[in-house]
């Protein structure tokens, strides 16, 4: 028999649009991955570890060298004091880390505050764990929440809040005032924050990522999730981690052991080396991405598109309505893929209730030629949309 929680779900929008791009030979500005292979030195370390290193089961909680490197990295980069032995667990990607958090911590009937638009894995995992999502609707151009929005979402059964910061798809790095407000609500309601911070190193210009775990009252009630895939542009490696106080970590690790149990040892070894020998990577990588962001944004503006600001992540957004496009985002995205040869993500797919239907997400972690061709084809899609309308 099928399980109705999952059998009724549509194919993820990322798989749908990337599938269209592959089938049609379209430029893929949809799914968020770079089109370069990633740092050569880290890849060489992974290859060497396969040939000359340990290839059997590593420790369930993760290789000690990687757990130590994660704790040390957050000490240097974010001023956090993590005990690698009791507060860091390695997972097979950040999605598995999310699953470990939801399955390990939620009890049936627990209410979970979730900000939409959201990563599309959140709600199926929360519901599979027995949780009840309480949605907070963010909207462009600023994608901010306020006290009234939190008061409407938090209640007597609130046990958890899920925060993605920097926000995908919005490209927003939440300011300190917003984070302090959310921390205040978590403390007042005795709620645990599950923080998806995979984009924490992909931040541009003067924007600063502040981890919620560092705010007053949050050290013992935050699960911090990170991703080597996003830090190093190696999304296919699926190496992530959970950081939390010892009591939370004990429970998270018990859930993790029955999901993937462990993560390939050569990739753990290579990521550990990368964190300890990153050099100027965490300065130069965002600078390079910011140049790509600006190239895409400038090209789109020349073609008459209204582009929203992007402070972080691989993404920027186009406001279709402000660009003179009357089609809803999903219809335009399908037309752009099928008729103009460029794939994107309609942001409405990342809402469950009352979606914003005029925003298109584009990935800029691509080569200049790919971005330029994407702009050309999006302009063609707009022409086709206007002709059809």
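The values are calculated or read from the model by the stated rules, or taken from the named source; none is laboratory data. Since the structure is predicted, the reported quantities are computational estimates derived from the model, not experimental observations. Cβ atoms come from the backbone with ideal geometry, glycine included; neighbour counts cover every protein chain shown.
Working only within region 162-180, note down all residues that are in a loop (DSSP other than H, G, I, E, B) and surrounded by fewer than 20 Cβ atoms within 10 Å (Cβ to Cβ). Full working, then the answer.
Initially, region 162-180 is screened for residues in a loop (DSSP other than H, G, I, E, B), giving 165-166, 168-171, 173-175.
Of everything in region 162-180, just one residue is in a loop (DSSP other than H, G, I, E, B) and surrounded by fewer than 20 Cβ atoms within 10 Å (Cβ to Cβ), namely 175.
The single residue among 134, 159 that is surrounded by fewer than 20 Cβ atoms within 10 Å (Cβ to Cβ), modelled with pLDDT of 95 or more and either in a helix (DSSP H, G or I) or in contact with a helix residue (DSSP H, G or I) (Cβ under 6 Å, 6 or more places away or on another chain) (or both) turns out to be 134. When 199, 241 are screened for being crowded, with 22+ Cβ neighbours inside 10 Å, assigned to a loop (DSSP other than H, G, I, E, B) and within 21 Å of the chain's Cα centre (by Cα), only 199 passes.
Scan region 290-311 residue by residue and report those that are buried (at least 19 other Cβ atoms within 10 Å of the Cβ) and at positive phi.
The first filter runs over region 290-311 and keeps only residues buried (at least 19 other Cβ atoms within 10 Å of the Cβ), leaving 292-293, 296-297, 299-300, 305, 307-308, 310-311.
If the condition is that a residue be buried (at least 19 other Cβ atoms within 10 Å of the Cβ) and at positive phi, then no residue fits.
Among the residues making up region 78-91, those that are out of contact with any strand residue (DSSP E or B) (no Cβ under 7 Å at 6 or more places or on another chain) and outside any helix (DSSP H, G or I) are 79, 80, 81, 83. In summary, residue 43 fulfils each of the numbered conditions (1) in a helix (DSSP H, G or I); (2) under 20 Å from residue 366 (Cα atoms); (3) modelled with pLDDT under 90 with the single exception of condition (3).
Here's the yes/no breakdown for (1) in contact with a strand residue (DSSP E or B) (Cβ under 6 Å, 6 or more places away or on another chain); (2) surrounded by 21 or more Cβ atoms within 10 Å (Cβ to Cβ); (3) part of a helix (DSSP H, G or I); (4) assigned by TED's automatic domain parsing to the domain that holds residue 14:
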residue: 318; (1), (2), (3), (4): yes, yes, no, yes
residue: 326; (1), (2), (3), (4): no, no, no, yes
residue: 331; (1), (2), (3), (4): no, no, yes, yes
residue: 335; (1), (2), (3), (4): no, no, yes, yes
residue: 348; (1), (2), (3), (4): no, no, yes, yes
residue: 352; (1), (2), (3), (4): no, no, no, yes
residue: 357; (1), (2), (3), (4): no, no, no, yes
residue: 366; (1), (2), (3), (4): no, yes, no, yes
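Does residue 310 fit the bill of being in contact (Cβ under 8 Å) with a residue 40 or more places away in the chain, closer than 24 Å to residue 206 by Cα and not in a strand (DSSP E or B)? Quick ask: steps written out before the conclusion?
Details: in contact (Cβ under 8 Å) with a residue 40 or more places away in the chain: yes; closer than 24 Å to residue 206 by Cα: yes; not in a strand (DSSP E or B): yes.
It is true that residue 310 is in contact (Cβ under 8 Å) with a residue 40 or more places away in the chain, closer than 24 Å to residue 206 by Cα and not in a strand (DSSP E or B).
Looking only at region 92-124, residues that are part of a helix (DSSP H, G or I) and more than 30 Å from residue 75 (Cβ to Cβ) come to 2 in all.
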